[in-house]
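Everything below concerns the one structure shown next.
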Amino acid sequence: MKLRTASILVMALIMTIGLASGIFAQAIQHALTPLPALKHGAVQQTTSIHPQTLTTPKGGNVPGQTSTAGTTTAIILAQDTFQRTDQQLWGNASDGRTWESDANNQHNANIFSIMHGTGIIMNAQGTLNAILGPAISNIDVVVSGSTSQFGQQVNFGAVLRWTDGNNWYKAFIDGSNLVVLKRVKGVTTQLGVIPFSAQGGVSYTLRFRAIGATLFAKVWPTNTAEPTAWMLTLTDTTLTTGQAGVRVLLQNTVVVHVTALVETMANPMG
């Protein structure tokens, strides 16, 4: 009898161990399996703060550095939406950078201002500059704005590779044409011109790009789609780097409204 009872207990113990092994075998195997080693140079997670990027639909108005799954990612150098409290001068842009040249000079406090989310230039005659962002060679500048009227000695434009008032490239509209100029050591030369009719009080978006020795320019009414093709493509090797921004030529009766400016790195590959 004792032998039979002992046999039954042994069999029960064997069955219990087998059942437990079946239940925990997968977990035990997973725990004992070593994690795969990372390949040389691989990382599990990266965190990037700079530079700032902006993602827009492919073919949108902001130029991109790379394209993935129908979107483009642009590396922003500087930008201003002008969405801030009314003030004299243009102060700090929406990206935190400080406007330079005439736009932040105390002597121009009655000329440059922010009003109702717009950059205003008024009460002036002659040429004025509003410069923003770092000096760089390959750059794409997009600026939107309007003038109250066009006419002799009135234009609205963007500059790049600007170092001072005597050295820059400028693309501008004057009511009748889109023009690209260069100024080197105080001497101004027209590089290209194409007819473009513009009206006072209408907002236009001007895009000006420099890649190496090549300059590109186009303009369109802000409330319409951006043209696919560049209107002017020019070559000049004189200026190689500099800042970018807005440059206007005014008469006392003219008021300029600037609503947006974005400067991004231009991709030499496209």
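Some observations on this one:
- Yes/no for Q190 being touching a residue at least 12 places away in the same chain (Cβ under 8 Å) and over 24 Å from the mean Cα position of the chain (by Cα): no
- Subset of the stretch 108-160 (residues that are in contact with a helix residue (DSSP H, G or I) (Cβ under 8 Å, 6 or more places away or on another chain), in contact (Cβ under 8 Å) with a residue 60 or more places away in the chain and not in a strand (DSSP E or B)): A124
- Flag for T205 being of a type in the set (S, T, Y) and touching a residue at least 12 places away in the same chain (Cβ under 8 Å): yes
- Conditions (1) farther than 22 Å from N104 by Cα; (2) crowded, with 18+ Cβ neighbours inside 10 Å; number of the one not met by V184: (2)
- Residue in the stretch 227-241 that is out of contact with any helix residue (DSSP H, G or I) (no Cβ under 9 Å at 6 or more places or on another chain) and closer than 18 Å to G151 by Cα present: no
- Failed criterion for D102 (all others in (1) of a type in the set (D, E, K, R); (2) crowded, with 18+ Cβ neighbours inside 10 Å; (3) at pLDDT below 95 hold): (3)
- Identity of the residue in the stretch 250-268, β-branched (V, I, T) and not in a strand (DSSP E or B), that ends up farthest from G165 (Cα to Cα): T253
- Checking each residue in the stretch 175-186 for being touching a residue at least 40 places away in the same chain (Cβ under 8 Å) and over 23 Å from the mean Cα position of the chain (by Cα) picks out K182, V184.
Per-residue answers, yes or no, for (1) modelled with pLDDT of 95 or more; (2) surrounded by 15 or more Cβ atoms within 10 Å (Cβ to Cβ); (3) touching an Asp or Glu at 6+ places or on another chain (Cβ under 8 Å); (4) not in a loop (DSSP other than H, G, I, E, B):
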residue	(1), (2), (3), (4)
T188	yes, no, no, yes
A198	yes, yes, yes, no
V202	yes, no, no, no
R207	yes, yes, yes, yes
L215	yes, yes, yes, yes
P227	yes, no, no, no
L234	yes, yes, no, yes
G245	yes, yes, yes, yes
V248	yes, yes, no, yes
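- Checking each residue in the stretch 234-270 for being without any contact (Cβ under 8 Å) to a residue 24 or more places away in the chain and more than 18 Å from the chain's Cα centre (by Cα) picks out only T235.
The values are calculated or read from the model by the stated rules, or taken from the named source; none is laboratory data. Just so we're clear, the structure is a prediction, and the values are computed from it rather than from any experiment. All Cβ positions, glycine included, derive from the backbone under ideal geometry; neighbour counts span all protein chains shown.
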